[in-house]
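A.B. asks: Before we start, here is the structure in question, set down as structure tokens.
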Amino acid sequence: MTILVIAEHDHQSLKAATLNTVTAASKIGGDIHVLVAGSNCSAAAQQAAQLQGVSSVKVADAAHYQNQTAENLTALVIAQAGNYSHILAPATTFGKNLLPRVAALLDVAQISEITGVESADTFIRPIYAGNALATVQSADKIKVITVRSTAFDAAMSGGSAAVEAIAAANDTNQTTLTNRELTKSERPELGAAKIIVSGGRGLGSGENYHKLLEPLADKLGAALGASRAAVDAGFVPNDYQVGQTGKIVAPQLYIAVGISGAIQHLAGMKDSKVIVAINKDPDAPIFQVADYGLVADLFETVPTLVAAL
Amino acid sequence: MKILVPVKRVVDYNVKIRVKADGTGVDLANVKMSMNPFDEIAVEEAVRLKEAGIATEVIAVSCGVAACQETLRTAMAIGADRGILVETDVELQPLAVAKLLKALCDKEAPQIVICGKQAIDDDANQTGQMLAALQNWPQATFASKVVIANGKAAVTREIDGGLETLEMSLPAVVSTDLRLNEPRYATLPNIMKAKKKPLETLKPADLGVDVTPRLTTLKVAEPAKRSAGIRVADVAELVNKLKNEAKVI
Ligand SMILES: Cc1cc2nc3c(=O)[nH]c(=O)nc-3n(C[C@H](O)[C@H](O)[C@H](O)COP(=O)(O)OP(=O)(O)OC[C@H]3O[C@@H](n4cnc5c(N)ncnc54)[C@H](O)[C@@H]3O)c2cc1C
Ligand SMILES: Nc1ncnc2c1ncn2[C@@H]1O[C@H](COP(=O)(O)O)[C@@H](O)[C@H]1O
């Protein structure tokens, strides 16, 4: 058995979720290869070579991998797929965009967002916003899988895999990237943060969101998150959204401020180690998952909390 | 230009589902079913493209049990022109749905397929990408803005780090994210009108598609419950607990 992990990276370094995906691969067992497809991506490839458990890094370096389009990456992965029993990628927007395309061309199912490995063909994955966990078995010859990063530890460095250049596939020219606006932030990435301060509609406006939650996040060295309602209302950009259809997080500490705790929001954060909820409604469902609930007005409470830290 | 919109019948998003005691699945008896919310957004987007004079016809497609007719009627009440039901009692997985949709694309020749990014029951997030692969069409997943002009689509996508815009020629597959639009409510006159719109029923065999599931569900279990927490009286107690009990700050 040889497993191919498709690295998510920005050409310079690996995205954190790639490290968790390598750990999921090691639970399946067998050799682990990592594919780094990028443009001037040798730094990312070197980092992959240092991950424990990885025996080989395949690098496809070409200008048409700069934008990481699903169409071009699929052509490359398909050309390699015959050598592998499993193909894994993180269940991020990158992996979710790419792997179903790969699976369809291989005529196999994709197993989405696994949280557990039972054996080489049997996996656990959440369904219905994480309100049920399905154990599924695949009969396909190649298992194509996306991995929920919060369910697996990050692979450690300390390895020294061989790095091998492979041929790029042709440029499909099917899509052109015309613009990319990445949210700039000095704060930790949501997916990798130890502490997350998350705000909901209760904050009332984007101005309040920033005025109240940024000092709190600064004090705690936390990442900032949000409910869908806060994103829809334009308080913060889309990439702040935590939930079933946003980001899945599991920090040491999650502080929910003015968030009611809808099923779809809980799906994204209920595996956090410690949950704090600040909400003025004592019946808000968020209190059912909170370790520490404070029924209070957030406009008074949050500044007091910042002062007390 | 035709637009094809796949719509899935799922448990309503407000329902808190229950896992069956014998671990064979989720209890769907007497549970409210609705159109997958992302598919409502897809229908709305297609209907707006028609209203803008860009599309000429919006075809809604649902694959599954006979009751999916209701989902198709809902799509037609929002403004889809007709519906196609691919009827089967077999459990459909995304690859099978993608193959059924491919067969329908070959038949109907739409220029755009707009589907939801994710069905909120299986949380798979696969079908649109699979269809695009089978057709060798470009794809734009997680769309928050779609502009169609000169035979091309410019689609803004919600990605983990922010937003990006892709341009592609048609035909293409687009999958919707939450911010693409706010679907309208179907009005009573439109619900009445929808009842008279054409609804065709086919079987997977009519389309020559084998829908046998590839994954076998061995067990469905409830996730571990969080143990009940406590209410703290004030900020001082909260800080004290976080420092000395939970030790997370
Ligand atoms: C298909 C679909 C997908 C979805 N995906 C997601 C998702 O990924 N993530 C997500 O979060 N949601 C998602 N949702 C939306 C979800 O159902 C809820 O609508 C949303 O989470 C509500 O956000 P909220 O808690 O901020 O707002 P509300 O539910 O309006 O809650 C606001 C809370 O603030 C409290 N509050 C108000 N003022 C104060 C004050 N002064 N002090 C203290 N507390 C105050 C109120 O008591 C209330 O509990 C999805 C919905 C659908 C249909
Ligand atoms: N049985 C189905 N019938 C019609 N459309 C479907 C069906 N299953 C999935 N889809 C479409 O594919 C999208 C993604 O579903 P999934 O890949 O299952 O998460 C949905 O939002 C629908 O647009």
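A.B. asks: How many residues are small (G, A, S) and open to solvent by less than 30 Å² (accessible area, probe 1.4 Å) if we restrict to region A:201-232? Give the derivation first.
C.D. replies: Keep residues of region A:201-232 that are small (G, A, S), which gives A:202, A:204-206, A:217, A:221-223, A:225-227, A:229-230.
Okay, now just the ones that are also open to solvent by less than 30 Å² (accessible area, probe 1.4 Å), so A:206, A:217, A:222-223, A:225-227, A:229-230.
Qualifying residue count, region A:201-232: 9.
A.B. asks: Mind checking which pairs have a first residue in region A:271-292 that is touching a residue at least 12 places away in the same chain (Cβ under 8 Å) and in a strand (DSSP E or B) and a second that is more than 16 Å from ligand 2 (Cβ to nearest atom) and polar (S, T, N, Q), Cβ under 9 Å, 6 or more apart or different chains?
C.D. replies: A:V274/A:Q252; A:I278/A:T301; A:N279/A:S260
A.B. asks: Please determine, by comparing only the residues of region B:134-158 that are surrounded by fewer than 21 Cβ atoms within 10 Å (Cβ to Cβ) and either within 30 Å of A:A16 (Cβ to Cβ) or of a type in the set (S, T, N, Q) (or both), which one is nearest to the other protein chains (Cβ to nearest Cβ).
C.D. replies: For region B:134-158, the residue satisfying everything is B:S144.
A.B. asks: Looking at the structure I just gave you, is A:A134 part of a strand (DSSP E or B), within 7 Å of chain B (Cβ to nearest Cβ), within 16 Å of ligand 2 (Cβ to nearest atom) and at pLDDT 95 or above?
C.D. replies: Yes, satisfied.
A.B. asks: Can you name the condition, by its number, that A:F235 falls short on among (1) within 7 Å of ligand 1 (Cβ to nearest atom); (2) within 14 Å of A:L213 (Cβ to Cβ); (3) open to solvent by 10 Å² or more (accessible area, probe 1.4 Å)?
C.D. replies: Every condition holds for A:F235 apart from (1).
A.B. asks: Spot the failing condition for A:K219; the list is (1) without any contact (Cβ under 8 Å) to a residue 40 or more places away in the chain; (2) within 13 Å of another protein chain (Cβ to nearest Cβ), and only one is missed.
C.D. replies: It is condition (1) that A:K219 fails.
A.B. asks: Failed condition for B:E164, given (1) without any contact (Cβ under 8 Å) to a residue 60 or more places away in the chain; (2) among the acidic types (D, E); (3) open to solvent by 40 Å² or more (accessible area, probe 1.4 Å), with all others met?
C.D. replies: Of the numbered conditions (1) without any contact (Cβ under 8 Å) to a residue 60 or more places away in the chain; (2) among the acidic types (D, E); (3) open to solvent by 40 Å² or more (accessible area, probe 1.4 Å), the odd one out for B:E164 is (3).
A.B. asks: In region B:158-180, what residues are away from ligand 1 (no atom under 16 Å from the Cβ) and either modelled with pLDDT under 95 or within 25 Å of A:V236 (Cβ to Cβ) (or both)?
C.D. replies: Within region B:158-180, B:G161, B:G162, B:L163, B:E164, B:T165, B:L166, B:V174 meet the criteria.
A.B. asks: Of all residues being facing chain B (nearest Cβ under 7 Å) and in a loop (DSSP other than H, G, I, E, B) in region A:98-128, which is surrounded by the most Cβ atoms within 10 Å (Cβ to Cβ)? Just the residue, please.
C.D. replies: Step by step, filter region A:98-128, then rank; the result is A:A109.
A.B. asks: Pick out the one residue from A:L203, A:L212, A:L253, A:L224 that is away from chain B (no Cβ under 13 Å) and either within 16 Å of ligand 2 (Cβ to nearest atom) or within 25 Å of A:E113 (Cα to Cα) (or both). Steps first, answer last, please.
C.D. replies: Numbers: A:L203 fails: either within 16 Å of ligand 2 (Cβ to nearest atom) or within 25 Å of A:E113 (Cα to Cα) (or both); A:L212 fails: either within 16 Å of ligand 2 (Cβ to nearest atom) or within 25 Å of A:E113 (Cα to Cα) (or both); A:L253 fails: away from chain B (no Cβ under 13 Å).
Every option except A:L224 fails the conditions.
A.B. asks: Is one or more of the residues making up region B:126-134 within 14 Å of ligand 2 (Cβ to nearest atom) and either within 18 Å of A:N238 (Cβ to Cβ) or in a strand (DSSP E or B) (or both)?
C.D. replies: For region B:126-134, residues within 14 Å of ligand 2 (Cβ to nearest atom) and either within 18 Å of A:N238 (Cβ to Cβ) or in a strand (DSSP E or B) (or both): absent.
Residues are listed down the side, and each one gets a yes or a no for (1) closer than 25 Å to A:L266 by Cα; (2) within 7 Å of chain A (Cβ to nearest Cβ); (3) among the aromatic types (F, W, Y); (4) part of a loop (DSSP other than H, G, I, E, B):
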site: B:V220; (1), (2), (3), (4): yes, yes, no, no
site: B:S227; (1), (2), (3), (4): yes, no, no, yes
site: B:L238; (1), (2), (3), (4): yes, yes, no, no
site: B:V248; (1), (2), (3), (4): yes, yes, no, yes
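A.B. asks: A follow-up question, please. Within region A:84-97, work out how many residues are open to solvent by less than 10 Å² (accessible area, probe 1.4 Å) and not β-branched (V, I, T).
C.D. replies: Residues that pass the stated criteria total 5.
The values are calculated or read from the model by the stated rules, or taken from the named source; none is laboratory data. Not measured: the values here are computed from a predicted model. Please note: Cβ atoms are built from the backbone with ideal geometry, for glycine as well, and neighbour counts cover all protein chains shown. Heavy atoms of the whole protein, side chains included, go into the accessibility calculation; ligands, DNA and RNA do not. Shrake-Rupley method; radii C 1.70, N 1.55, O 1.52, S 1.80 Å.
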